[in-house]
1. With charges set only on the Cβ (+1 for Lys and Arg, -1 for Asp and Glu), what does the dipole of the range 2-44 come to about its Cα centre, in debye to the nearest 20?
2. At most 16 other C-beta atoms within 10 Å and a DSSP loop state: those are the exposed GluC sites (Glu not before Pro) I care about. Give me the longest piece of the chain that has none.
3. Taking the Cα centre as origin and putting +1 on Lys and Arg beta-carbons and -1 on Asp and Glu beta-carbons, what dipole magnitude results for the chain, to the nearest 20 debye?
4. Would you mind checking the pairs LYS4/LYS37; LYS37/LYS110; LYS4/LYS140 and listing those with alpha carbons more than 30 angstrom apart?
5. How far apart, in nanometres, would the label points at ARG134 and GLN64 be if each is projected 7 angstrom from Cα along the Cα-to-Cβ direction?
6. Only Lys, Arg, Asp and Glu count, each charged at its Cβ (+1, +1, -1, -1), so figure out the dipole size of the range 87-151 about its Cα centre, rounded to 20 debye.
7. Contact order normalised by length for the chain, with contacts defined as Cα pairs under 8 Å and 6 or more residues apart; what percent is it?
8. Counting each DSSP H run of 4 or more residues in the chain as -39500 (n - 2.57), what helix-only mean residue ellipticity at 222 nm follows after dividing by all residues, to the nearest 500 deg cm²/dmol?
Amino acid sequence: MDNKEVISTLNDLIEISKDGEEGFRTAAENVEVTPLKEYFLDRSQEVASSVHELQDLVRTLGGQPETESSVSGSLHRRWVNFKAALTSNDTVAVLNETERGEDVALASYKKAAEKELPPTVRNVILRQLEGVQRNHDRVKQLRDAARAEVG
């Protein structure tokens, strides 16, 4: 894989991660439960740190790092806000949409991890993939628990 392709892969992950960072922040704004709000804000900060790490990698490779989230991520956050408004900040609805966003991030990281990348880049992506997997699994657990409480 040439340098441009590596930079493109990293920039794709930056976009997806920016989506996650903003998605977790949006979720925090749309839940009433304080521990859940705190969890989402913490995840947003952790993902922001991952974004900075990816951006630094792009710069190291001589590229221009992505600084914006994707259009689909922006639409997803608007959908979370809209759905939460319709359901009066329904925790299950917010968790459903947050998990959907984490599904996208997880698939993107897995796809990137399958590519032939320089070892330093691969190591960062694999480490961040573990974090994305943890976020996904935890959001799914929280969603299942919230469903059980309602159901």
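Values quoted throughout were computed directly from the atomic coordinates according to the rules given, and no laboratory measurement underlies them. Here the structure is a predicted model, which is why all the values come from computation and not from measurement. Note: ideal-geometry Cβ built from the backbone for every residue, glycine included; neighbour counts use all protein chains shown.
1. 100 debye
2. For GluC sites (Glu not before Pro) (loop position, at most 16 other Cβ atoms within 10 Å), the longest site-free span of the chain is 69-113.
3. My answer is approximately 140 debye.
4. As for pairs spanning more than 30 Å Cα to Cα, those are LYS4/LYS37; LYS4/LYS140.
5. Going from the ARG134 label point to the GLN64 one covers 3.5 nm.
6. Roughly 260 debye, rounded to the nearest 20.
7. 28 percent
8. -29500 deg cm²/dmol
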